[in-house]
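Here is the structure we will look at, set down as structure tokens.
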Amino acid sequence: GVVAGELADRFGRKPLLVAGVAGLGATHAVLAMVARPQQGPLLLMVRLVGGGLSRVCTSGTLTAVVADFSDSQHSERVTSVNLAGVGAATGVGLMLAAATRDWVCLLYTSPSPRDS
């Protein structure tokens, strides 16, 4: 929110969004390279730091972009729908994660061809 707003005012919204998406991409690349069950704490730390920084860069900036592209008469409603959509997507993602938990655990605990 506030930090992203200050950064967006100083550097512009586009560079902040690019940095956030690039940071998220780098986080996922690191996670893909070191994804082993024994490295759980490292994976969690990479995900929390990378995901958190990416969220700081993109969340408030995207909300401001949505508000800018709506007319003044409907800006409050559009912003509310945008934020509700983010919350709903987070909820659906958590439900999908819970539903596929056993499959993902099986995937990461099975021997991979790399281990042979």
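The values are calculated or read from the model by the stated rules, or taken from the named source; none is laboratory data. Just so it is clear, the structure is predicted and the values come from calculations on it, not from any experiment. Virtual Cβ from ideal backbone geometry, glycine too; neighbours counted across all protein chains shown. Side chains are part of the model used for accessible areas, which takes the heavy atoms of the whole protein and leaves out ligands, DNA and RNA. Shrake-Rupley method; radii C 1.70, N 1.55, O 1.52, S 1.80 Å.
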Could you check region 14-29 and list, in sequence order, the residues that are buried (at least 18 other Cβ atoms within 10 Å of the Cβ) and within 15 Å of residue 63 (Cα to Cα)? 16, 20
Being among the hydroxyl-bearing types (Ser, Thr, Tyr), modelled with pLDDT of 80 or more and over 17 Å from the mean Cα position of the chain (by Cα), is that true of even one residue in region 23-32? no
For region 32-62, which positions are of a type in the set (Ser, Thr, Tyr) and surrounded by fewer than 16 Cβ atoms within 10 Å (Cβ to Cβ)? 59
Name the residue that is most open to solvent (accessible area, probe 1.4 Å), counting only residues in region 70-87 that are in contact with a helix residue (DSSP H, G or I) (Cβ under 8 Å, 6 or more places away or on another chain) and over 19 Å from residue 20 (Cα atoms). 78
